[in-house]
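Below is one structure, written out as structure tokens; comments come after it.
The values are calculated or read from the model by the stated rules, or taken from the named source; none is laboratory data. Model, not experiment: these values are computed from the prediction. Every residue, glycine as well, gets a Cβ built from its backbone with ideal geometry; the counts of neighbours run over all protein chains shown.
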Amino acid sequence: MGIDLYWLPLGAGGHFVRLNGVVYEAVAARFGRRPALDLYHSALEVRVPEGRFVIEMAPAGRGDGAARGVVAEGAVGARRAGRLRLFRYEIRRWRDGAIPDVAEAVDSPRRLGDDVGMARGLLELVPRVPTPVWGRDELGSGEMWNSNSLTSWLLARAAVATGAASPPRGGRAPGWHAGLAAAARFSPPGAPAGSPGPPP
């Protein structure tokens, strides 16, 4: 029983996405006057007595979304573009699901907690996650919204301590702080915000 975090290299299993990530990070590093780092995206695996669930953000798939545990969708790039499946992402709470390219995960899994009540609470939060446009900063957090935003939003809202959630050495997780900002913004007054942890 518990909550596990997986760090996957950006573009794992796809050379085109990986190349774009390298170019993006090279530009960001130059503007930030810092060394370029490896980019990672995240996924969660939650085990409770009722079963094992994979939580992740992924491109919208074909067929029955319920079979993949899809609980929400959002647009990619621009809200109007989301009318087409090619420009939509989906959020999955997939019972007995699989994380694509999990074999390429680095320094994973990271155990973030063993409390069953906390794990169940996190699962209940998944359908309530906000769905801004992927790759845009609609919430004004200073970062784009992406899969890392989903992960950090859930961990913060579920009050999961994330001291062990840092990306692998030499890497960073774009979008992480966007999720934390959204969690703080949409939390009721006095609600726990969790421990944000140190991911850059």
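Can you tell me which residue within the range 137-157, out of those that are in a loop (DSSP other than H, G, I, E, B) and free of Cβ contacts under 8 Å to residues at least 60 places away in the same chain, is nearest to residue 55 (Cα to Cα)?
The extreme case among them is 144.
For residues in the range 175-191 being hydrophobic (A, V, I, L, M, F, W, C) and at pLDDT below 85, which is surrounded by the fewest Cβ atoms within 10 Å (Cβ to Cβ)?
191
List pairs: first residue in the range 171-200 and closer than 18 Å to residue 130 by Cβ, second residue modelled with pLDDT under 50 and of a type in the set (Gly, Ala, Ser) anywhere in the structure, Cβ distance under 7 angstrom, at least six positions apart or on different chains.
Matching pairs, first to second residue: 183/193; 184/193; 187/193.
Where residues in the range 100-134 are in contact (Cβ under 8 Å) with a residue 40 or more places away in the chain and among the basic types (Lys, Arg), which of them is farthest from residue 169 (Cα to Cα)?
Of everything passing the filter in the range 100-134, 120 is farthest from residue 169 (Cα to Cα).
Which residues, counting only those in the range 162-174, are modelled with pLDDT of 85 or more and aliphatic (A, V, I, L, M)?
165, 173
For residue 91, which of the numbered conditions (1) without any contact (Cβ under 8 Å) to a residue 24 or more places away in the chain; (2) assigned to a strand (DSSP E or B) fails to hold?
The single condition residue 91 does not satisfy is (1).
Conditions tested, residue by residue: (1) more than 12 Å from residue 183 (Cα to Cα); (2) modelled with pLDDT under 95.
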{"residue": "119", "(1), (2)": "yes, no"}
{"residue": "122", "(1), (2)": "yes, no"}
{"residue": "135", "(1), (2)": "yes, yes"}
{"residue": "151", "(1), (2)": "no, no"}
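Evaluate the range 45-68: report whether one residue or more is basic (Lys, Arg), touching a residue at least 60 places away in the same chain (Cβ under 8 Å), more than 21 Å from residue 184 (Cα to Cα) and surrounded by fewer than 20 Cβ atoms within 10 Å (Cβ to Cβ).
yes
Can you find a residue in the range 62-84 that is touching an Asp or Glu at 6+ places or on another chain (Cβ under 9 Å), outside any loop (DSSP other than H, G, I, E, B) and over 25 Å from residue 130 (Cβ atoms)?
Among the residues of the range 62-84, not one is touching an Asp or Glu at 6+ places or on another chain (Cβ under 9 Å), outside any loop (DSSP other than H, G, I, E, B) and over 25 Å from residue 130 (Cβ atoms), which makes the answer no.
Keeping to the range 74-94, report how many residues are surrounded by 15 or more Cβ atoms within 10 Å (Cβ to Cβ) and either in contact with a Ser or Thr (Cβ under 6 Å, 6 or more places away or on another chain) or under 24 Å from residue 9 (Cα atoms) (or both).
Final tally of qualifying residues: 11.
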